[in-house]
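The values are calculated or read from the model by the stated rules, or taken from the named source; none is laboratory data. The model shown is predicted, which means the values in this text are computed figures rather than measured ones. Heads up, the Cβs are rebuilt from the backbone with ideal geometry, glycines too, and the neighbour counts pull from every protein chain shown.
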Amino acid sequence: MNRLLNYLPLHFVVLGVLGICFQFFTQLWSFDFLETILQLGCLSLLILIVKNSILRTVISFLFFFLIGVSSVSLNDHRKHDSFYEYHLKDNSTVTLQIHKVLKPGKYNQKYEAKILRVDNKTTTGLVLLNIQKDTLSPLLNVASKLLLKPLFKELVPPLNPHQFNYKSYLFKRGIYHQIYTENKRFIRLKPESMTLFGFSAKLRTQVQEALKIYNFKKSELAVINALLLGQRQAVSKELITDYQRAGAIHILAVSGLHVGIILLILSFLLKPIERIKYGTFFKTFCIVILLWTFAFIAGLSASVVRAVTMFTFLAIGLFFRRKYVIEFSFISSLFFLLLLNPMFLFEVGFQLSYLAVFGILWTQPKIYSIWKPTFKIIDFFWQLCTVSIAAQIGILPLSIYYFQQFPGLFLLSNLVIIPLLGSILIGGVLVIFLALLKVLPQFIADFYGSIISWMNAFVSWVSQQEQFLFKEISISLIAMLCWYIVVFLGVYFAVVKSSKKFIYFLISILLVQSVYLIELNEKKRKKELIIFHKTNFSILGKRIGEQLFLQYDMDNMQLKNEYSIRAYRISEGISLLEKHDFKNYIQFAGKEILLIDSLGVYKISGTKNPIVVLQNSTKINLNRLIQTVQPSKIIADGSNYKREVLHWESTCLKNKIPFHYTGQKGAFILKE
């Protein structure tokens, strides 16, 4: 442990991470490429010149901190003169190239596209492309080029508190705008040359077309695409939910687990090469080439590249046969990936992958040492158990923070599925190879498909064991970080076993308890009035401590399944949710709120500059209302027709009355 903590790249990673976070949240670094190189070069020179060891260490730490800072700045397309937004004019012609095919929405096919040119100027940057669904037009492929005159729109932030922030997610991927268009509004161009991603997509398409003729079920084909080709777009929402609830969602994403199994299989199959001269070198070289071939076939997605990079470092480390090679390879690959793309740090998959590996490396040996079975088969399953438990220890606080649930039967799922995963991967490669050659016997395809169906059925059964699924658990970011301090110091104490480390561990537990008590006290004291956004409906909530009183015009079953209310209730720790009728008047935080629904009736006696809430496209003369009650603000929720909202907004603008439409600005929140 001490040797690992003294491993210099670990220090560099920590400082680089701090630099990445600093620049991402502050955006203070604004130097261009040449200025950045010059400053880093000067620091490098100082490291070589300065003789004082303490000063040289400080300069070295500053150097790697600035590497993290500058990497974020240099990867931000908005910092470059070639960014497409700087060249847009009215009626500009834009050339796009499809970079990635995304999961389709309800009304649109979605793509991640590169902006190659604006008019005649070469540009950089990514955009979210939404094309209206059309059954008569073929889907676009990776590397397809389009010519169009688009209207760039801002990304929409979450409209209700605690909803998934898709805008922030895309920002971290370097996407700042979106385009809506139809098939008839663009021209498809012939690609000038096939890109690496385009060739990869073409190969995957050939595989998918070859598999379709063998009568696989839709769910079977979707899982095969996810397991072997890294494509989850066709996996149904219900199947993804089943894998999540069973604690086996990592099976559906090509990740470190899959690549690790492939590495073990390749190491076994290529072991005879070690007998020849320089055999170990050739074996390592072949493994690295085959791993990256798999990454290429799987589309070179971020998760695949991360996993293959990690195990490439491991394969090279194993070649040198050094002690702690796995741990050092893990840290080195992390450092290398963050240098290439610092935005990986903010991706959930990246965080979960490395924390799972961290948990396995630092806790699995300790758990395994508790019991050492004598029989090999029992030892195999015991090792599998300890690996699964160790991985869960590594990701538990983070997975609860993001997904607000914990699958109690994760151990059962992994014990059954993971031993079969190697066979499923090998069988899948064989099935794909024979299908491409058009010599795949139907009985082999049927047998392989039945294994996939059995796995899906088993996962579905596990997910239905509600009593073992601990859901609706919410922790804050600060609490999550404190829990990781507890985990780290707990493992450190288990390894070192000293009274000093035990005291640190107890202090960390007290820290978590203190954070919990402070947050609980804040929740009990919190009071706010919320006008939620829900298209075609009206939802208004009055929150008093841990109680939420709701007025709504939908049925109870619809409300129960309403994501915005569920997300707010879980994240805010609401223990009591109750229906309430506020009539058309609420007094809250020293403010008066008038609710005006489709009847157009409102109370005016005694009110003074109230906040007016317009609901259900009420038929009123807004000018007369403004003159009569002199509102301080007018709010329109999602139950109103947009044409009415536009008319009200125009009227408020003329009368200089603040106007808030929840469909644009999100839920209106009034705090006490």
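Here residue 475 fits the description: under 25 Å from residue 346 (Cα atoms) and not in a helix (DSSP H, G or I).
Candidates are the residues of the range 429-448 that are buried (at least 16 other Cβ atoms within 10 Å of the Cβ) and either polar (S, T, N, Q) or touching a Phe, Trp or Tyr at 6+ places or on another chain (Cβ under 7 Å) (or both); the one that is farthest from residue 206 (Cα to Cα) is 445.
Regarding the range 297-309, can at least one residue be identified that is part of a helix (DSSP H, G or I) and modelled with pLDDT of 85 or more? The answer is yes; a qualifying residue exists. Screening the range 1-83 for helices (runs of 4 or more DSSP H) wholly inside it with 2 or more residues that are closer than 18 Å to residue 342 by Cβ returns the ranges 8-26, 33-49, 53-74.
Rundown of residues vs (1) at pLDDT below 85; (2) closer than 23 Å to residue 249 by Cα, yes/no style:
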| position | (1), (2) |
| --- | --- |
| 349 | yes, yes |
| 375 | yes, no |
| 386 | no, yes |
| 393 | no, yes |
| 402 | no, yes |
| 423 | yes, yes |
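Filtering the range 549-574 down to residues that are modelled with pLDDT under 85 and either in contact with a helix residue (DSSP H, G or I) (Cβ under 9 Å, 6 or more places away or on another chain) or of a type in the set (Gly, Ala, Ser) (or both), which residue is nearest to residue 637 (Cα to Cα)? In this case the residue turns out to be 559.
Just so you know, in the range 155-174 the residues that are farther than 23 Å from residue 533 by Cβ and touching a strand residue (DSSP E or B) at 6+ places or on another chain (Cβ under 8 Å) include one that is surrounded by the fewest Cβ atoms within 10 Å (Cβ to Cβ), and it is 173. The sole residue among 88, 151, 147, 136 that is assigned by TED's automatic domain parsing to the domain that holds residue 174 and under 28 Å from residue 232 (Cβ atoms) is 136. When the range 505-546 is filtered for residues that are of a type outside the set (Lys, Arg), surrounded by fewer than 17 Cβ atoms within 10 Å (Cβ to Cβ) and free of Cβ contacts under 8 Å to residues at least 24 places away in the same chain, the ones remaining, listed by number, are 506, 507, 509, 510, 513, 514, 517, 518, 521, 522, 544, 545. Within the range 106-145, if we keep just the residues that are in contact with a strand residue (DSSP E or B) (Cβ under 7 Å, 6 or more places away or on another chain) and among the small types (Gly, Ala, Ser), the residue that is farthest from residue 226 (Cα to Cα) turns out to be 125. In the range 119-155, the qualifying residues are those that are under 25 Å from the mean Cα position of the chain (by Cα) and β-branched (Val, Ile, Thr), and the one that is nearest to residue 174 (Cα to Cα) is 127.
Checking the range 183-195 against the condition returns a match, with at least one residue being modelled with pLDDT under 85 and small (Gly, Ala, Ser). Scanning the range 251-262 for residues that are surrounded by fewer than 22 Cβ atoms within 10 Å (Cβ to Cβ) and part of a helix (DSSP H, G or I), we see that the one that is modelled with the lowest pLDDT is 257.
Which one is farthest from residue 530 (Cα to Cα), of the residues in the range 613-625 that are outside any helix (DSSP H, G or I) and either over 38 Å from the mean Cα position of the chain (by Cα) or among the acidic types (Asp, Glu) (or both)? Only one residue tops the list, namely 621.
Residue check: is residue 169 in a helix (DSSP H, G or I) and among the hydroxyl-bearing types (Ser, Thr, Tyr)? So residue 169 passes the test.
Of all residues in the range 482-504, those satisfying the criterion of being within 27 Å of residue 569 (Cβ to Cβ) and either loosely packed, with under 14 Cβ neighbours inside 10 Å or among the aromatic types (Phe, Trp, Tyr) (or both) are 483, 484. Restricted to the range 539-599, the set of strands (runs of 3 or more DSSP E) holding at least 1 residues that are β-branched (Val, Ile, Thr) comprises 585-588, 591-596. Sort out which residues of the range 527-555 are closer than 15 Å to residue 577 by Cβ and of a type in the set (Lys, Arg), and write them in order of number. Those that are closer than 15 Å to residue 577 by Cβ and of a type in the set (Lys, Arg): 542, 543. Taken as a whole, the structure leaves residue 365 outside the set of residues that are exposed (fewer than 14 other Cβ atoms within 10 Å of the Cβ), at pLDDT below 85 and not in a helix (DSSP H, G or I). Taking the range 227-240 as the range and being modelled with pLDDT under 85 and part of a helix (DSSP H, G or I) as the test, the residues that pass are 227, 228, 229, 237. The set of residues in the range 194-212 being surrounded by fewer than 17 Cβ atoms within 10 Å (Cβ to Cβ) and among the basic types (Lys, Arg) consists of 202, 212.
Of all residues in the range 631-652, those that are surrounded by fewer than 17 Cβ atoms within 10 Å (Cβ to Cβ) have Cβ atoms under 7 Å from Cβ atoms of residues that are assigned to a strand (DSSP E or B) and among the β-branched types (Val, Ile, Thr), 6 or more apart or on another chain, in 632/611. The condition of being more than 25 Å from residue 108 (Cα to Cα) and in a loop (DSSP other than H, G, I, E, B) holds for only one of 294, 216, that being 216. In this structure, is residue 579 out of contact with any Pro (no Cβ under 6 Å at 6 or more places or on another chain), under 28 Å from residue 649 (Cβ atoms) and among the charged types (D, E, K, R)? It is false that residue 579 is out of contact with any Pro (no Cβ under 6 Å at 6 or more places or on another chain), under 28 Å from residue 649 (Cβ atoms) and among the charged types (D, E, K, R).
Confirm whether residue 650 is farther than 30 Å from residue 480 by Cα, polar (S, T, N, Q) and assigned to a loop (DSSP other than H, G, I, E, B). No.
Can residue 128 be described as buried (at least 18 other Cβ atoms within 10 Å of the Cβ), in contact (Cβ under 8 Å) with a residue 40 or more places away in the chain and not acidic (Asp, Glu)? Yes. Scanning the range 51-92 for residues that are more than 18 Å from residue 173 (Cα to Cα), of a type outside the set (Gly, Ala, Ser) and surrounded by 14 or more Cβ atoms within 10 Å (Cβ to Cβ) gives 56, 59, 61, 62, 63, 64, 65, 66, 67, 87, 88. Looking at 522, 528 in this structure, which one is in a strand (DSSP E or B) and among the acidic types (Asp, Glu)? Unique residue meeting the criteria: 528. Each residue in the range 168-186 was checked for being among the basic types (Lys, Arg) and closer than 14 Å to residue 112 by Cα, and 2 of them qualify. Can you find a residue that is in contact (Cβ under 8 Å) with a residue 24 or more places away in the chain and at positive phi anywhere in the range 69-86? No, there is no match, as no residue in the range 69-86 is in contact (Cβ under 8 Å) with a residue 24 or more places away in the chain and at positive phi.
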